[in-house]
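Take a look at the structure set out below.
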Amino acid sequence: MFKNLTERLNQSLKSITGQARLTEDNIKTTLREVRMALLEADVALPVVKAFIENVKVRAVGTEVTQALDPGQQFIKIVHAELVQVMGETNESLNLAAQPPAVILMAGLQGAGKTTATAKLARLLMEREKKSVMVVSADVYRPAAIKQLETLAIEIGAQHFPSSVDEKPINIAKNALKAAKKQHVDVLIVDTAGRLAIDQDMMAEIQQLHKAVSPVETLFVVDAMTGQDAANTAKAFSDALPLTGVILSKTDGDARGGAALSVRHITGKPIKFMGIGEKTDAIEPFYPDRVASRILDMGDMLSLIEEVERKVDKEKAEKLAKKIQKGKGFDLQDFREQIDQMSNLGGLSSLMDKLPGMGQMGAAGMANQMSGAENQMGRMGVIIDSMTPSERRFPDKINGSRKRRIAMGSGVQIQDVNRVLKQHKQMQKMMKKVGSKGGMAKMMRGMKGMMPPGGGMPGGGMPPGFH
């Protein structure tokens, strides 16, 4: 999300660099370009108008400090206004209630409510250590009921069964009774969506709200619907006492308009954003971090938290000890490093959070990342086609073994050779890490291996290691 907006804003803000003072004249052109960038990102017009006016008021006449040039000063102001528009701070769920705390999910059909229900349940179980029950009150779509049941089994949440023969209000009440009886901490109620807002839909969800008295009523909105998302959120906000918003599908080809419009129009905080299809692909919405991503400043805090959460520390420590003892870095270790990178969402997910990557993206970096991720996927398949003995002792892989591995993984023999070559290079690096002054040597080694265009020889990139 925000890729196009990031590129446009970067181009717009370049024009103000080098000015000795920010004045109405020298920021006029820049503000016009920022305005166009926001409109192209499908940000709602009232939001754009308020944003531009606030930036103008704060920027005109601002003296440039010794530490900042005018461009940096202007970016600082734009960043502050982006944070202001999106809500200033992350607002967490308020679950301080007599268990079970009920969360009601609302939104249009296709917004991703059912998936968001499962993602939220998993997040509460894993990060908040809560026991969670989920229930579907969507009696109009049997597939939605089955989908939630399947997802509940996948994430290990409790599931209260429901069917299309029941009334939504009865389903919700019975689920609440069951949750109380089983001493569940949180009950999440997935409701029916419609293709458009109608009176019947609103009346039904209002009845559900009254029946279960939720502590949180969350509006799930598809980030790709742009400013329409804000208009829909406003309609739901008028009908229900919403407590927050979940932006779904932010990993799609979204322009970012929803994130910049919803809070301003509804007054409700964005609490979470869905960042992928997997059930762990959800993260709290931090306006300051998202603003930094939009302005291509990176989001190191989120990256650090993700690494802390998803990297298998036990395996990482085991590998570190193995290398320090002088034992070899075999192909099984190499395969595990590829898995670790995949768990972190791949190279593109990591790059999104690094400063300056938006500008590199404009120069074709996104295609390079995509190619590198595909290469890593192929490397994993090739290693999986090897026997445990071959992974442990790569030197024993001769011509006939290479042919068998290539056939088993559906690749050419040169692809197998490339994996073996890249493993050798990683092995050399690991030896340097394990030796005295190893990290400095390793960095020099990596620099020497990188061709001018970036990436590893042979078109791949080294997976991250810890």
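Per-structure values
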| item | result |
| --- | --- |
| Residues satisfying the stated conditions in the range 251-268, i.e. buried (at least 21 other Cβ atoms within 10 Å of the Cβ), under 21 Å from residue 79 (Cβ atoms) and modelled with pLDDT of 80 or more | 261, 262, 263 |
| Residue check, residue 152 of a type in the set (A, V, I, L, M), in a helix (DSSP H, G or I) and touching a Leu at 6+ places or on another chain (Cβ under 9 Å) | no |
| Filter result (buried (at least 20 other Cβ atoms within 10 Å of the Cβ) and assigned to a loop (DSSP other than H, G, I, E, B)) within the range 233-250 | 242, 249, 250 |
| Identity of the residue in the range 41-84, under 29 Å from residue 216 (Cα atoms) and at pLDDT below 85, that ends up surrounded by the fewest Cβ atoms within 10 Å (Cβ to Cβ) | 42 |
| Within the range 211-232, tally of residues that are buried (at least 24 other Cβ atoms within 10 Å of the Cβ) and under 14 Å from residue 273 (Cβ atoms) | 6 |
| The lone exception for residue 93 - which of (1) among the aliphatic types (A, V, I, L, M); (2) at pLDDT below 70; (3) crowded, with 16+ Cβ neighbours inside 10 Å it fails | (2) |
| Residues satisfying the stated conditions in the range 119-172, i.e. surrounded by fewer than 21 Cβ atoms within 10 Å (Cβ to Cβ) and of a type in the set (Lys, Arg) | 127, 129, 130, 141, 146, 167 |
| Scope the range 185-217; condition more than 15 Å from residue 172 (Cβ to Cβ) and either part of a strand (DSSP E or B) or at pLDDT below 80 (or both); matching residues | 194, 195, 196, 197, 198 |
| Qualifying residue in the range 297-312 (condition: surrounded by fewer than 19 Cβ atoms within 10 Å (Cβ to Cβ) and at pLDDT 75 or above) | no |
| Positions within the range 153-193 being within 20 Å of residue 213 (Cβ to Cβ) and of a type in the set (Ser, Thr, Tyr), in sequence order | 162, 191 |
| Residues that are surrounded by fewer than 16 Cβ atoms within 10 Å (Cβ to Cβ), among the basic types (Lys, Arg) and at pLDDT 90 or above, drawn from the range 385-403 | 401, 403 |
| Of all residues making up the range 102-134, the number that are in a strand (DSSP E or B) and more than 18 Å from residue 240 (Cα to Cα) | 3 |
| Hey, residue 138 within 16 Å of residue 105 (Cβ to Cβ), in a loop (DSSP other than H, G, I, E, B) and not hydrophobic (A, V, I, L, M, F, W, C) or not | yes |
| Every residue from the range 142-190 that is without any contact (Cβ under 8 Å) to a residue 12 or more places away in the chain and either in contact with a Pro (Cβ under 8 Å, 6 or more places away or on another chain) or not assigned by TED's automatic domain parsing to the domain that holds residue 132 (or both) | none |
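The values are calculated or read from the model by the stated rules, or taken from the named source; none is laboratory data. A quick note: this is a predicted structure, and the numbers were derived from the prediction, not measured. Ideal geometry is used to build each Cβ from the backbone, glycine not excepted, and the neighbour counts take in all protein chains shown.
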